[in-house]
1. In what sequence do 70, 123 fall when counting other Cβ within 10 Å, fewest first?
2. How much FRET efficiency would the formula 1/(1 + (r/R0)^6) give for residue 33 and residue 90, where r is the Cβ-Cβ distance and R0 is 25 Å, rounded to 0.05?
3. Using label points projected 7 Å from each Cα along Cα→Cβ, tell me how many nm separate residue 168 and residue 199, to one decimal.
4. Run lengths n ≥ 4 of DSSP H only: what is the helix-derived mean residue ellipticity at 222 nm for the chain, with -39500 (n - 2.57) per run over all residues, to the nearest 500?
5. Find the lysine pairs in the range 24-221 meeting two conditions, Cα atoms under 19 Å apart and a separation of 8 or more places or different chains, and report how many there are.
6. With r as the distance between the Cβ atoms of residue 52 and residue 108 and R0 = 25 Å, compute the FRET efficiency 1/(1 + (r/R0)^6) and round to 0.05.
7. Give me the percent relative contact order of the range 24-221, please, defined on Cα pairs under 8 angstrom at least 6 residues apart.
8. Could the peptides 145-152, 128-135, 214-221, 158-165 be put in order, highest first, of the mean number of other beta-carbon atoms found within 10 Å of their residues?
Amino acid sequence: MGKAAPQPDLFADGAQPPPLPEGVAWYRGRLSKAEQIGLLDDAVAILQAAPLFRPRMRNGTPLINKMTNCGALGWYSDEKGYRYIAQHPETGAPWPPIPSRLSALCDAIMDELGIAGYAPDACLVNAYGAEGRLNLHQDHDEVDFRWPIVSVSLGADALFVLGGYSRKDKVLPIRLCSGDVVVLYGKGRTLFHGVKKVFPGTSPVSHPALNGLARINFTLRRAR
Ligand code: MD3
Ligand code: FE
C-alpha cells in the first residue's frame with residue numbers, strides 16, 4: 001500500500017527542510033497562489049453547503065476551532081464522542097463532495113510517493129480564527145492507519161508541532177504556510193501533532209473564504 005518515499009530534497013523556495021521523522025513528507029510551497037485561490041473558492045462552496053460548526057468534547061466543552069467536512073463521511077464530536085458521520089449535524093444534509101482540485105492534488109502526490117489505491121472518503125475542513133489552535137493529539141478515528149492523510153494549508157502561517165508516538169515525546173516545531181502540503185503515511189500516520197498558534201495577518205493571499213478566518217486546513221482521510 002505504500003512504499004518508502006523520500007522527503008523532497010528542496011522546498012519550492014530552495015531552502016532546506018529540517019530532518020523529519022519517517023513517514024512525513026512536507027511539500028513547502030507546493031501550491032501556487034492561483035492554486036491556493038482555487039482551493040479557497042472551493043472552500044467557499046463547501047462552507048455554503050455545509051456551514052461551520054464547533055464540535056464538542058464528551059463533557060460538552062466546545063473545541064476552539066470551527067470545522068466542517070466534505071466527502072462521503074465527515075468527522076464529528078459531541079457528548080457521544082468522536083466519530084465519522086454521513087450528514088451535517090445541524091442541517092442533516094449529506095456533506096458536499098471533495099472538490100476535484102483537491103482530489104487531483106492528492107492523486108498527483110500519491111503518484112509521486114508510489115502509493116496506489118488511495119481513495120479518501122472524508123475531508124476535514126478546519127477553520128482557524130486569530131486565536132485558533134489544536135491541542136496535541138493522534139488521529140485514530142479511522143479504521144485503517146495504513147492509508148495516508150494529506151493536509152493542505154491555506155491562509156495565515158501556523159506553528160505546527162510534530163511529536164512522537166507518546167504524548168510526552170519532544171516535539172519538532174514546523175511553520176506551516178499557505179500552499180504547503182503535508183503527507184503522513186506509514187509510521188508517520190500515528191504521530192502526535194498539534195497546532196500551537198496561527199499568525200494572523202501573514203496570509204499571502206486574500207480571499208472571501210478568509211473573511212473572519214485566519215487559516216483553513218483541509219485533511220483528506222480514508223475513514224472506512
Ligand atoms: C501528523 N489538523 O485535522 S494538518 C487534524 O493544521 C489536524 O489543521 C492540523 O491535525 C491542522 O487532525 C494539522 C497536518 C497533519 C494532519 C494529520 C496528521 C499532521 C499529522 C496525522 C499524523 C501526524
Ligand atoms: Fe490531526
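Rule-based calculations on the coordinates, nothing more; no lab input. All of these numbers come straight from a predicted model, not from anything done at the bench. Cβ coordinates were reconstructed from backbone atoms using ideal geometry, including for glycine residues, and neighbour counts include every protein chain displayed.
1. The fewest-first ordering by Cβ neighbours comes to 70, 123.
2. Values: r = 33 Å, r/R0 = 1.33.
For R0 = 25 Å, the calculated efficiency reads 0.15.
3. Taking the two extended label points, one gets 3.3 nm.
4. Counting only the DSSP helices, I get -4500 deg cm²/dmol.
5. 8
6. Working: r = 28 Å, r/R0 = 1.13.
Once the sixth-power term is evaluated, E becomes 0.35.
7. Working: 441 pairs, mean separation 53.6, N = 198.
Reported relative contact order: 27 percent.
8. Working: 145-152: 21.4, 128-135: 16.4, 214-221: 24.5, 158-165: 18.6.
In descending order of packing, they fall as 214-221, 145-152, 158-165, 128-135.
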